[in-house]
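Notes follow once the structure below has been shown.
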Amino acid sequence: MIPDEKEIREYAKYAAKVREIVQEVIGAEYGRIDPYLLNELSRSATMPIGIWMNYRYDESAKGEELSSEELKKKLTVLSEKFELAESNGYIRPRRNLAYAEFQSLKNEMVPLGYHYKLGKGFTKS
């Protein structure tokens, strides 16, 4: 997914605000600003644009209108493909997935109305 110009502009505003906050805190704490430290802290405090965009899309995901039978079939297929297990209302893989595999799983779960909670797994929106 390639971001459009509007999304890039929104992200730039977000990143500029993070940098402003970091600069303010460093200035108050040390009395001077080391540009290398400022750049490093701003970079680590700012989410990469892909993660930022995915987070925004996850929050707005409504899911497809599927019958319970269709949803069950799709989840069965995904369960076999990614070795998924359900526990405490969360669905997650039994094994560690490579980043690309996880993104693929996430891209298939979001349209079904699931969103990912870090450390817990996928849950219905």
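Is one or more of the residues making up the range 92-99 among the aromatic types (Phe, Trp, Tyr) and surrounded by 13 or more Cβ atoms within 10 Å (Cβ to Cβ)? No, the range 92-99 contains no residue that is among the aromatic types (Phe, Trp, Tyr) and surrounded by 13 or more Cβ atoms within 10 Å (Cβ to Cβ). Filtered by the rule that a residue be more than 15 Å from LYS74 (Cβ to Cβ) and part of a helix (DSSP H, G or I), the range 84-125 gives TYR99, ALA100, GLU101, PHE102, GLN103. Please indicate, with yes or no, whether at least one residue in the range 30-45 is at pLDDT below 65, out of contact with any Cys (no Cβ under 8 Å at 6 or more places or on another chain) and assigned to a helix (DSSP H, G or I). No. Per this entry, LYS62 is not counted among residues that are under 24 Å from the mean Cα position of the chain (by Cα), at pLDDT 70 or above and among the basic types (Lys, Arg). Beta carbons closer than 6 Å, at least 6 apart along the sequence or on distinct chains, pair a first residue in the range 79-92 that is assigned by TED's automatic domain parsing to the domain that holds VAL110 with a second that is surrounded by 12 or more Cβ atoms within 10 Å (Cβ to Cβ) and among the small types (Gly, Ala, Ser) for TYR90/GLY121; ILE91/GLY121; ARG92/GLY121.
The values are calculated or read from the model by the stated rules, or taken from the named source; none is laboratory data. From a predicted model like this one, the values you see are computed outputs, not experimental measurements. Virtual Cβ from ideal backbone geometry, glycine too; neighbours counted across all protein chains shown.
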